[in-house]
Each structure stands twice: as structure tokens, then as C-alpha cells.
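Working notes, beginning with the structure itself.
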Amino acid sequence: MKDNYKKIALWQTAFLGDAVLTLPLVKALALRFPDAEIHLFVRKGVEPLFAGQPELAGVHGFDKRGAQKGMSAARSFGAELGRQGFDLWISAHTSMRSAVVSMSTGIKDRIGYDTPWYNRFVYSETVKRRFDELEEVERLLALGEPLGISGPAPEVMLELPDDKLREAEEFFAGLSCGPVVGVHPGSTWETKKWPEQNFAWVIDKCINDGLKVILFGGPDEKELCQSVLAQVEQADKVIDLSGKLGLQQLAAHIRQLDVYLSNDSGPMHIAWIQKVPVVAMFGPTVRRFGFFPRGENSTVLESPEDLKCRPCGLHGGKSCPEKHHKCMTDITARMVWDEIVQKVGKGREKGNG
């Protein structure tokens, strides 16, 4: 590998949370090659979240579920990128489609993981992913080892446009005083969702304790959020922002929260990387996979029972294979409420310090 690169492509077209987890690697690359242009390639629709990141010269969407679906489109896209002057290609994604894009670029210096097996024929340098040993941030940083990148993950902040930050600040300034809890009941995967009635119970406890509650959800989660609200006794006191915020607005609003309550989801990563206290419920997935919210302000709640069926997969699924969903129902509303109380209490102590 060279000691100097001028234009670097970093490829991570998995889910929203996976893209957020690449930010420490982006920062490490920027520190290692301060004069290089760094371009991040993400799943189409996710790119606005990173538009303000100062380490990035560009953020580009790959429409793998739409116009760029299929291996032929992947080859064409890779070939097009190969003509854009990139001198280093780094792929954080391990799919066959990502391998096809990577190979098709024709860029001489390409770094990827050594698994699956075909990656050994795709990349000029491969690194071990060490899935059972490292957390995801460190697995991603390992991609920088052939470039001389080592050491702990650098501190990085999700940078957002000033107008979106002001908009969120003004919104929160309009709320009466008191801690604000954000609640996100959704997830891409059905089995990752904590029961609706539990969310409703916790929301009512928050309101009874004088906490403000904001309900968050994407455009396709509005119906879920309405279903949760229908089970809240004091639903008129809940601020429902589901389906109303773009990604930049969502991130700016999350930054203002005192606590963020979430399933294992993409927005969970938007919260912890902004140092917002997080309470997350993990059921079909487990903390040891390494995709959990990091930092001393983050708490992952899992079933207290040693369920032999956990984990049931890397992502979860559409339904519980064992038909009982105990991995999520064993996480009680009282467990969640106790964590929220503790985090709000710490925030109050810090505010009075």
C-alpha cells in the first residue's frame, strides 16, 4: 500500500446503523490522510445524514433496492466509479454485490475482509474481521491496518447543518421545563420490536413522573406509533413526531433529548454517537455481536433468562421461530422504567453540578 492517497472511497451500503458505525473509521482515515478526499458510499436514502460531516468530500447513495438492483447494475456502477479517479477503495460490506462493485472499479489498491471466501480474489489486501473478538467499530477500524491505522477509535461527532440544529433547539425551547424522553418503538425487523403495551406503560409512567415524551418513527412506522398511542392513557400529552422528520431533523431532535428509548435500530446509533443516554432492548440479537450502543451513557437490556434460542440470527426476523418471543417479552416495562429513572437522575445531578 502507498503512504499517500488522494481520493479514497469507503463503501458501506448496509443499514443506517451500519453506516453510522463507520464514522470512527472515516475520522481515522482523515487523520491518516489529511490531504485526501474521502467519499462515503451508503444505501440510497441514508446519505443526507452524513452531508455535513467535515471529514467527507462527498456522500453518495447506492440504490440497491431500486434502479441499481442486480449484479449487472453493480458491475456498471463499479466501472463508472473506477473512472472517477479513486486511488484507494475500502469495502466494509461483505455481500456478493459489494464484491462485484469493488472488483469492477479496477482500482489497484482495494481493502476488504478476508471472508466470505470470494473476497480473497476481490481485494489486494484483506484483513480478518474477528467477529467473535471485536466490537463492530473495532472490526471496521481493522480495515485501516494495511494503511498503518491502529490504536483506539478516535472521538467523532455526527455533524449536522446549523439550520437543522437551530430548528431542533427552538422546538425544545418551546417545551415547558423538565427532562425529555424520546421513544422509538419501531425496527426494520419484526422480532426486534418490544411489545407495544410495554412502550405505552413506560410512556404513561414518564408522564406521571413529570417527564416530557416525544414519539419518533419513520414514515412507514406512523401506524405503529398510532397503535402505541392508542394504548397510552394520557396520549394527549405525548408529542408525536412519527413520519414528520427527515434524517437530519431526526438526528438534531435526538441530540436534544435527555434519554432515548429504542429497540435495536438505526436511530439508536444516531443517539449514542451524539452522546445521548440510550436505553435499548435487545432480543433476537445480542450485545456480543458488537453492534450495540457504545459509551458510558448507554444501557442494553436483555432477557434475564438464559434462552437457548438466543441469538436467533444476526438481524432478527419476521416472526419468532419458537413462537414465544420471550427474548423481548422477558424484558419487563419495570426494568426499562428503572433505567430511565436512573439516567434522568444522572442528568439532573449533572445539571445541578
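Key figures for this structure:
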| quantity | calculated |
| --- | --- |
| When region 248-344 is reduced to its Cα atoms, the Kirkwood hydrodynamic radius in Å | 14.0 |
| Filtered GluC sites (Glu not before Pro), region 289-325: DSSP coil and at most 11 other beta carbons within 10 Å | Glu296, Glu305 |
| Percent RCO, i.e. relative contact order, over region 162-352, from Cα pairs under 8 Å lying at least 6 residues apart | 24 |
| Residue order, fewest to most beta carbons within 10 Å, for Cys309, Cys327, Cys320 | Cys309, Cys320, Cys327 |
| Residue order, fewest to most surrounding Cβ atoms within 10 angstrom, among Leu307, Leu257 | Leu307, Leu257 |
| Longest site-free stretch - the chain; sites: trypsin sites (Lys or Arg not before Pro), DSSP loop, at most 16 other Cβ within 10 Å | 131-243 |
| Computed over the chain: relative contact order in percent, which uses C-alpha pairs under 8 Å that are six or more apart | 15 |
| Cα-based Rg and Dmax for the chain, where Dmax is the largest Cα-Cα distance (Å) | 21.0, 62 |
| Percentage relative contact order, region 7-147, counting C-alpha pairs under 8 Å, at least six apart | 22 |
| Estimated translational D of region 7-147 in µm²/s (Stokes, Kirkwood radius over Cα pairs; 20 °C; 1.002 mPa s) | 144 |
| Two-decimal ratio, region 234-294, of alpha-carbon radius of gyration to 2.2 N^0.38 Å | 1.20 |
| Value of [θ]222 nm, deg cm²/dmol, for the chain, DSSP H segments ≥ 4, -39500 (n - 2.57) each, nearest 500 | -9500 deg cm²/dmol |
| Derived scalar couplings ³J(HN,Hα) [region 244-261; Karplus, 6.51 cos²θ - 1.76 cosθ + 1.60; whole Hz; x for Gly, Pro] | 10, 10, x, 4, 5, 5, 4, 4, 5, 6, 4, 4, 7, 6, 8, 8, 10, 9 |
| Per-selection Rg to Rh, region 66-213 - Cα, Kirkwood hydrodynamic radius | 1.13 |
| GNM result for the chain, Cα springs below 10 Å: residue of Ala230, Ala74, Ala99 fluctuating most strongly | Ala230 |
| Per-residue ³J(HN,Hα) for region 177-191, Karplus 6.51 cos²θ - 1.76 cosθ + 1.60, θ = phi - 60°, Hz, x for Gly and Pro | 4, x, x, 10, 10, x, 10, 10, x, x, 6, 5, 9, 4, 6 |
| Rounded, prolate or oblate (a/c below 1.5 giving rounded, otherwise prolate when a/b exceeds b/c) for region 198-251 by Cα gyration tensor | oblate |
| FRET efficiency for Glu145 and Ala67, using Cβ-Cβ distance with R0 set to 41 Å, rounded to 0.05 | 0.70 |
| Cα pair distances of region 162-352 binned at 5 Å [whole percent] | 1, 8, 17, 21, 22, 17, 8, 4, 1, 0 |
| Amide H within-cut-off set for Leu301, under 5 Å, with H built and near neighbours excluded | Ala280, Met281, Phe282 |
| Arg83-Leu175 FRET efficiency (beta carbon distance; Förster radius 35 Å; 0.05 resolution) | 0.10 |
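Since every read-out is calculated from the coordinates, none of them should be taken as a lab result. Every value quoted in this text rests on a predicted model; they were computed, and no experiment measured them. Virtual Cβ from ideal backbone geometry, glycine too; neighbours counted across all protein chains shown.
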